[in-house]
There are 2 protein chains.
Amino acid sequence: MLVEKIKNRESGIVLYGITPPKKETPEDKIAEIATRQIERLQHLNIDGLILYDIQDEKSRTSQARPFPFMETLDAFTYSRDYLSGLDVAKVIYRSVGKYTEAELSQFMMEASPENELSVFVGAASKSQDVTLSMKQAYALKTHIKDAPLLGGVTIPERHQTKGDEQLRVFNKMAQGCEFFVSQGVYDVNASKNFLSDYYHYGQEHNIPLAPILFTLTPCGSVKTLEFMKWLGISIPRWLENELIHTHDILQKSVDFSEQSWLELKDFADEKNIPIGCNIESVAIRKVEVDASIELLRRIQKTV
Amino acid sequence: MLVEKIKNRESGIVLYGITPPKKETPEDKIAEIATRQIERLQHLNIDGLILYDIQDEKSRTSQARPFPFMETLDAFTYSRDYLSGLDVAKVIYRSVGKYTEAELSQFMMEASPENELSVFVGAASKSQDVTLSMKQAYALKTHIKDAPLLGGVTIPERHQTKGDEQLRVFNKMAQGCEFFVSQGVYDVNASKNFLSDYYHYGQEHNIPLAPILFTLTPCGSVKTLEFMKWLGISIPRWLENELIHTHDILQKSVDFSEQSWLELKDFADEKNIPIGCNIESVAIRKVEVDASIELLRRIQKTV
């Protein structure tokens, strides 16, 4: 049970992350997509399924978005209406700036605390118009009886420039977050730097650590690589060179992701920092989805 | 033979780097130091011994120097007068800004091209007063018959901010440098980023690569760690935390240095980039010197 594992601060939690189908998808097509997803995931023994809540991040950067922004179905609706046949916990993302107080409250009241969790996501930048701030969203949760278990987002790469990501995480813990999901990891050093400061802060202040789930994303093309950079994912120069110059970028990115995970696991296990994984499949091409499943299987062998 | 290995662009060159004794050291004490160094190194099968030419780098930063600057004996004089009993090639550093044209010319004429090499080092910053620029020094060399084989310094960490270290290296190659010695490596990622761009630039322009010798420096105390940072060596946050919190910083730094080397070697071997090592011992404490020898032995087992 995912909720139990998180509450026990266990290492080795493995999630799989997907984006709901696009908004204008015809209903029979949605059902088809959902059936395929269920078939693919039901025997894989994952601890939970993340359903993202995409927001247009164009306010974060002035650079052109390599892929167009597409609105998707609501994650909670899609999960309830189409994925109920998949018997794993669902982690429903909520970009809180998109919702009213009433909408977010209703979601939290409806969600089943045993097997529906949530992660609140803040605005992509300070200039983005929001209906609800993260602070308001966290405060709202305290008034809901049996609200879903809450996680937060962490961006280890932000630690490279600001050096205070561990404080942001502990601050979110104080506001009710019990686990964290990272942005896609291609810069292991940044993640180790964050984990190290996270660990030492916890030690010094005698605060038990919440599980950190590192997101791994196979990369299927140079354009996807550009998109990841656009999203703010930092990719070490050598790794970028390797991916650009290889004849099989997808396979190479799977290999690197596995290596990154093993390096993080070595580092975290030595200190008993609870870490886990979120293998993300945000692409549509079958070969990319298959690669994410291959990565998932490889990771599961290690935890 | 070091000169041959460099000319053949071989991988696995291992040097050992030392600083000559301080200037005011009494003559009998110098002889004693030299005897110990010879005893320690003569059976270690190193490819060569680097003798540094220390310059006060205070113009590079406004922060207080953790250790006082001490002038040392001239590296060439010390090598000739005291270390001739050590039958390995000597790599004599020359901080060119300290010398007149006549002095540098004389050094190049006197040095024996078979077993005395040199590395020219530039000013620590643009504001430092210099007698001779790097460009002048390189030009000077072209007029000397049988001048020593010349190497250059490379600073992979500079690549993190400027992104053009490979161009600096190729530019120095065009001016006569046939090998490179890095600044102390604690940030493997920076070194891999540099190596990757160095490799691809060489491939694209069809220029064979000169050996890059990575400098590894055991760190014996938190104060030494501060000094390395003062010198501009970048130390990943996680590694700094590990070194500060361990009960045996010296041994831990030897372990990390060996790991760094293995990671660089894996990366370079796959692409046939010729790399090697310079194990540096700039401290005086016996335990630190011993640690550098231990690191040297460990590295030698891997090449």
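The values are calculated or read from the model by the stated rules, or taken from the named source; none is laboratory data. Note that this is a predicted model, so its numbers are computed, not measured. Cβ coordinates were reconstructed from backbone atoms using ideal geometry, including for glycine residues, and neighbour counts include every protein chain displayed.
Tabulated values for the structure
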| quantity | calculated |
| --- | --- |
| Condition met for residue B:174 (at pLDDT 95 or above, surrounded by fewer than 17 Cβ atoms within 10 Å (Cβ to Cβ) and more than 10 Å from chain A (Cβ to nearest Cβ)) | yes |
| Every pair of residues 6+ apart whose Cβ atoms lie under 7 Å, when the first sits in the range A:62-76 and is in a helix (DSSP H, G or I) while the second is not hydrophobic (A, V, I, L, M, F, W, C) | A:75/A:20; A:75/A:52; A:75/A:53; A:75/A:93 |
| Selected residue (only one of A:131, A:142, A:154 is more than 14 Å from chain B (Cβ to nearest Cβ) and either crowded, with 21+ Cβ neighbours inside 10 Å or within 17 Å of the chain's Cα centre (by Cα) (or both)) | A:154 |
| Filter result for residue B:242 (in a helix (DSSP H, G or I) and farther than 22 Å from residue B:67 by Cα) | yes |
| Residue check for residue A:46: in a loop (DSSP other than H, G, I, E, B), β-branched (Val, Ile, Thr), touching a helix residue (DSSP H, G or I) at 6+ places or on another chain (Cβ under 8 Å) and modelled with pLDDT of 95 or more | yes |
| Meets criteria (within 11 Å of chain B (Cβ to nearest Cβ), touching a helix residue (DSSP H, G or I) at 6+ places or on another chain (Cβ under 8 Å), surrounded by 20 or more Cβ atoms within 10 Å (Cβ to Cβ) and in contact (Cβ under 8 Å) with a residue 40 or more places away in the chain) for residue A:250 | no |
| Some residue of the range A:279-289 being modelled with pLDDT under 95, surrounded by fewer than 21 Cβ atoms within 10 Å (Cβ to Cβ) and of a type in the set (Ser, Thr, Tyr) | no |
| Answer residue from the range B:160-219, given it is assigned to a helix (DSSP H, G or I) and of a type in the set (A, V, I, L, M) and is nearest to the chain's Cα centre (by Cα) among those | B:169 |
| Residue in the range B:208-225 that is farther than 15 Å from residue B:184 by Cβ, of a type outside the set (A, V, I, L, M) and within 11 Å of another protein chain (Cβ to nearest Cβ) present | no |
| Some residue of the range A:259-270 being crowded, with 17+ Cβ neighbours inside 10 Å and part of a loop (DSSP other than H, G, I, E, B) | no |
| Unique match (being away from chain A (no Cβ under 14 Å), of a type in the set (Val, Ile, Thr) and not in a helix (DSSP H, G or I)) among B:279, B:299, B:235 | B:279 |
